[in-house]
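All remarks here apply to the structure that follows.
All of the numbers you see were taken from the coordinates with simple rules; none came from a lab. Small disclaimer: the values here were computed from a predicted structure and weren't measured. Counting neighbours? That spans all protein chains shown, and the Cβs are built from the backbone with ideal geometry, glycine included.
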Amino acid sequence: MYINGKHVESIGGGWFPVYDPSTEEIIAEVPDSREADVDRAAKAARTAFDSGEWPATTAQQRGRLLFKLADRIRNEAGKLAELEARNCGKPIVEAEMDIADTATCFEYYGGLATKVLGHVNPVPDNALSLSLREPVGVAGQIIPWNYPLLMSAWKLAPALAAGCTCILKPAEQTPLTALEMTERLDEIGFPPGVVNVISGFGESAGAPLVRHPDVDKIAFTGSAAVGKIILRNAAESIKRVTLELGGKSPNIFFSDADFEAAIDGALFGVFINQGEVCSAGSRILVERPIYRKFVEALAEKAKTIKLGAPLDRETKMGPLVSKEQYERVREYQEIGKREAKLLAGGGRASSFSKGYYVEPTIFADVDNGTRIAREEVFGPVAAVIPFDGEADAVRIANDSPYGLAAAVWSRDIFRALRVVKSVRAGIVWVNHMQPTYVEAPWGGYKQSGFGRELGPWGIEEYLETKQVYINLNEQPIAWY
Ligand code: NAI
Ligand code: MG
């Protein structure tokens, strides 16, 4: 792993295996960082923030470092995409898109570094009142396994642009691309301790990071269950926290939607990246008049989705990331069979003798109160729910503990916009689902978390605001 500008082993000397989920074979071993390693990384990040070159760097210099990193990632995109696909099982074509987005994210925040502005506050006195923006300090960043390098960029890029120092903990399933990226940081010119990447497990490396007194802020993407633990552990030292916790996002189809586009949009919304997507459109809400025709077409097309090896360019769906996730998704397939009507899939993809492959699975006639309509599956499992008219659609859409994303499909712009305004979600698409841009805010309502990533919102989460009062009176206080 990478601490204080050096590649190091864990202090305890432990290692753990990393798998290719399509073959179930070990492809690497990485250091198993524990509390002592977290402490070492936190001290390095603290020192780099408090002294040395980093606090003296200008926004222009930080921007240029991020541009250089973006260039390196773009130049080595093929290699990184292949490593990403092998480690998390996603189709190579999707991994290539992720790596391109990773470079774009570093570039975006490289540009934004020089656009962080303060204010002059119009106070009613003979004084100059300013608001300065300053980095929040040492950022601990804990990320999941579904978009490993891209999530690293969503975390590191705005933090570094703001002038923070970072300790990134990739998910234990998928540490390889983030570790690979560290090979370039020294050469690019990041001072030691500014970026630290530690490989390790949630409880033994993530939790100590959240509790560490030298860490000022925690940014987390992952499960709601862990989000709650992080909030509790962060309370002790009053850390700033941002959470992106996934969801159970409704993808809403009205009768007047373009039918062919709708079927593709429903499948893409829930099955892209094997359904291992925080914003997956896992509740497909369909208006009653087109409901029967819709579910039949959906099931028919779902059966044609090409499952295959991650590195095969024809593959549209790879294996799930891990044995644990495979078992969790298999369990939800069984729960769904008890709760609703199985339309497609429902089991292991039987043509593979190895690998964590499951069939794209669709349940119809789902009641919104059931577990497959309320709990995040994080795999290719869709729950189709009928509705009667606009008010019913909005009611069902909002009847969820989550509020990350939603989509609405209709050719009636007035209706689409009414639904956009009524749905309680941080991201709402109209006549599409999933396009994501570094320029636009990302984050959830309700139990999907708080704080926003990407765009100017993303850098805000790494900035403090300092009020400065400059007295312009020569004799200010005539009180006593
Ligand atoms: P998780 O939430 O346990 O893991 C995400 C990250 O948090 C990993 O880096 C992990 O090491 C870390 N972590 C785990 N426990 C921690 C703790 N006590 N303190 C600090 N960090 C900790 O997710 P997991 O177990 O891989 O997946 C379980 C479910 O979580 C999935 O089925 C899915 O529903 C949801 N999930 C949601 C994601 C999202 O993007 N919103 C991403 C990954 C999972
Ligand atoms: Mg977990």
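The helix-only estimate of mean residue ellipticity at 222 nm for the chain, built from DSSP H runs of length n ≥ 4 each weighted as -39500 (n - 2.57), is -12000 deg cm²/dmol after division by the residue total. For Phe16, the residues whose amide H sits under 5 Å from its own are Val30, Asp32, ignoring neighbours fewer than 5 places away on the same chain, with H placed 1.01 Å from N. Of all lysines in the structure, those lying under 25 Å Cα to Cα from Lys90, and not within fewer than 8 positions of it along the same chain, are Lys79, Lys155, Lys169, Lys248, Lys301, Lys303, Lys306, Lys316, Lys323, Lys354. The modelled label-to-label distance between Ala59 and Lys341, using points 7 Å beyond Cα along the C-beta direction, is 5.9 nm.
The long axis of helix 224-235 is offset from the longest Cα principal axis of the chain by roughly 20 degrees. Magnitude of the charge dipole for segment 250-430, about its Cα centre and with charges confined to Cβ atoms of Lys, Arg (+1) and Asp, Glu (-1), is about 200 debye. Seen against the Cα atoms of the chain and their longest principal axis, helix 323-339 is set at about 50 degrees.
Between Glu9 and Ile477, the simple label model (points 7 Å from Cα in the Cβ direction) yields a spacing of 6.0 nm. Cross-link reach is defined here as a Cα-Cα straight distance under 20 Å, omitting same-chain residues fewer than 8 places apart; for Lys228 the aspartates and glutamates meeting it are Glu172, Glu203, Asp216, Glu236, Glu244, Glu375, Glu376, Glu453, Glu461.
Remark: C-alpha extents of segment 218-365 on the principal axes read 55, 41, 34 Å, sorted largest to smallest. Here Arg348 and Asp399 are evaluated by their C-beta separation; at R0 = 35 Å the FRET efficiency comes out at 0.65. Placing +1 on the Cβ of every Lys and Arg and -1 on the Cβ of every Asp and Glu, with no other charges, gives the chain a dipole of roughly 720 debye about its Cα centre.
Multiply the residue gap between Asn126 and Asp367 by 0.36 nm, knock off their C-alpha separation, and tell me the result in nm, one decimal place.
Stretched fully, the Asn126-Asp367 segment lengthens by 80.3 nm.
By the equivalent-ellipsoid construction on the alpha carbon gyration tensor, segment 1-116 comes out with semi-axes of 29, 25, 9 Å, ordered largest to smallest. Give the aspartates and glutamates whose C-alpha is closer than 17 Å to that of Lys293, dropping any in the same chain fewer than 8 places away, or say none. Candidates past the 8-residue exclusion: Asp256, Asp258, Glu260, Asp264, Asp365, Asp388.
Compared with the direct C-alpha span, the chain from Glu439 to Thr465 gains 7.1 nm at full extension, assuming 0.36 nm per residue. Angle of helix 148-162 to the longest C-alpha principal axis of the chain, folded into 0 to 90 degrees and rounded to 10: 30°.
Overall size of the chain from C-alpha positions, given as principal axis extents largest first: 79, 57, 40 Å. Of Gly89, Ala373, Ile238, which is farthest along the charge dipole of the chain in the positive direction, counting Lys and Arg as +1 and Asp and Glu as -1 at C-beta? Selected residue: Ala373.
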